[in-house]
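Novice: After the structure tokens below, expect a handful of questions from me.
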Amino acid sequence: MSETGKDIELASQLLSQGRLVAIPTETVYGLAANALDEKAVLSIFEAKKRPFFDPLIVHVHSTQAVTRYATFTDERLQKLAAQFWPGPLTILLPKKNIIPAIVTSGLDHVAIRIPRHPLTLKLLEKIDLPLAAPSANPFGYVSPTRPEHVARQLGNKIDYILDGGDCTVGIESTIVGIENNRVCIFRLGGLAPEAIEKITGRVELKLSVSSDPRAPGQLQQHYATRKSLYFGNLDELIKKHHDKKIALIVFGENTVPSATNIQIYNLSEKGDLNEAALNLFSIMRQADESDSDVVIATHVPDEGLGKAINDRLGRASA
Ligand code: TXA
Ligand code: MG
């Protein structure tokens with residue numbers, strides 16, 4: 001089992017030696033390696049059992065550091081960076097040669113972000129290397145928002161878990177880039193599309209659901225629980241599964257009549273979408289680990305972070 005602690009010095013040493021360290025970010029925990037060390041990056045894929053066609057996000061400490069690894073060619077993306085970094089935003093930029101092909105699955109753009117977590121920012125400054133880090137979960141499973149989640153699932157494959165407490169956003173970063181000269185969102189996440197549109201004007205949603213390596217990360221079956229998760233009309237789904245033990249994920253004022261076969265998990269009783277995003281993955285895990293037979297979830301309002309929540313529940317149910 002790997003050690004968990006707040007020792008940035010140790011984390012930095014291990015990473016410099018090509019080892020794996022789980023790092024806290026405001027969105028979810030990442031499984032980090034030195035992005036310039038191909039062998040280290042390879043071990044991320046092995047630890048997660050992640051297919052090589054799914055590229056990694058590179059984390060740095062400053063926009064100045066970004067320019068060592070990528071080029072800002074579009075003013076709109078530059079504005080987004082100025083406005084939202086550090087924060088839950090990942091930007092696709094033309095990569096420089098120094099970034100190994102394994103990081104981007106051979107694509108000519110690299111996904112980059114400056115995370116907003118004090119401990120990880122300190123680590124990034126200290127080590128002054130770019131850290132490639134996917135979410136620290138086995139491929140396809142729910143992302144970790146607490147150090148315990150990482151320890152439980154990948155503990156035996158990681159050298160150290162840097163303990164930054166609970167994540168404060170709880171859902172992965174929003175990924176943006178340019179296609180056909182338009183600003184596009186390729187993954188919904190912790191930064192609401194509305195906030196992005198305030199800076200750039202209208203954005204396009206490009207949330208392909210395919211296993212095409214050129215549309216990576218949007219894999220249909222993702223963020224999944226081990227139990228079957230059904231996502232849709234509650235009344236119909238409850239009726240359909242009346243003979244099973246149900247873990248029911250709801251949002252806001254709960255109008256579901258209580259029944260002995262139903263255990264209710266509320267994403268946010270007061271109906272706050274940010275709170276719901278924060279609770280989503282923990283609640284999906286709890287529901288998964290409960291003694292229920294199935295998990296049933298309902299849509300949340302399709303605005304702000306609600307779009308990302310619906311996206312994750314939809315993919316978990318695919
Ligand atoms: O919040 C987050 O983004 C977290 C934390 C740790 O930073 N990371 C994360 O990484 O969610 P991961 O590996 O679970 O998701 C990375 C996704 C890929 O699946 C892909 O969709 C997209 O980022 N991506 C990465 N590099 C890309 C590239 N060069 N072109 C297109 N998409 C890319
Ligand atoms: Mg992930």
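Novice: Which condition number in (1) part of a loop (DSSP other than H, G, I, E, B); (2) under 19 Å from the mean Cα position of the chain (by Cα); (3) among the aliphatic types (A, V, I, L, M) is the one that ILE91 fails?
Specialist: (1)
Novice: Quick check: is even one residue across the stretch 254-264 surrounded by 14 or more Cβ atoms within 10 Å (Cβ to Cβ) and under 26 Å from ALA136 (Cα atoms)?
Specialist: For the stretch 254-264, residues surrounded by 14 or more Cβ atoms within 10 Å (Cβ to Cβ) and under 26 Å from ALA136 (Cα atoms): absent.
Novice: Please verify whether VAL176 is in the same structural domain as LEU10 (by TED's automatic domain parsing), of a type outside the set (D, E, K, R), open to solvent by less than 10 Å² (accessible area, probe 1.4 Å) and under 25 Å from PHE52 (Cβ atoms), treating the condition exactly as stated.
Specialist: Answer is no for this residue.
Novice: If a residue must be in contact with a strand residue (DSSP E or B) (Cβ under 9 Å, 6 or more places away or on another chain), assigned to a loop (DSSP other than H, G, I, E, B) and among the polar types (S, T, N, Q), how many such residues does the stretch 46-88 contain?
Specialist: Counting residues in the stretch 46-88 that are in contact with a strand residue (DSSP E or B) (Cβ under 9 Å, 6 or more places away or on another chain), assigned to a loop (DSSP other than H, G, I, E, B) and among the polar types (S, T, N, Q) gives 2.
Novice: Follow-up. Given the structure, is THR145 within 11 Å of ligand 1 (Cβ to nearest atom), buried (at least 17 other Cβ atoms within 10 Å of the Cβ), within 23 Å of THR67 (Cα to Cα) and among the β-branched types (Val, Ile, Thr)?
Specialist: In short, no.
Novice: Give me the pairs, please: first residue somewhere in the stretch 143-164 and closer than 18 Å to ALA224 by Cα, second residue anywhere and in a strand (DSSP E or B) and open to solvent by less than 20 Å² (accessible area, probe 1.4 Å), beta-carbon distance under 6 Å, and either six or more positions apart or on two chains.
Specialist: From residues that are closer than 18 Å to ALA224 by Cα, the pairs are VAL150/ALA22; VAL150/ILE161.
Novice: Considering only residues that are part of a loop (DSSP other than H, G, I, E, B), within 16 Å of ligand 2 (Cβ to nearest atom) and crowded, with 21+ Cβ neighbours inside 10 Å, which ones fall in the stretch 94-126?
Specialist: Matches in the stretch 94-126: PRO115 only.
The values are calculated or read from the model by the stated rules, or taken from the named source; none is laboratory data. Predicted model, so just to flag it, every value in this text is computed and none were measured. With ideal geometry, Cβ positions are generated from the backbone for all residues, glycine too; neighbour counts draw on all protein chains shown. The protein model used for the area step is the full one, side chains on, heavy atoms only, and it has no ligands, DNA or RNA in it. Shrake-Rupley method; radii C 1.70, N 1.55, O 1.52, S 1.80 Å.
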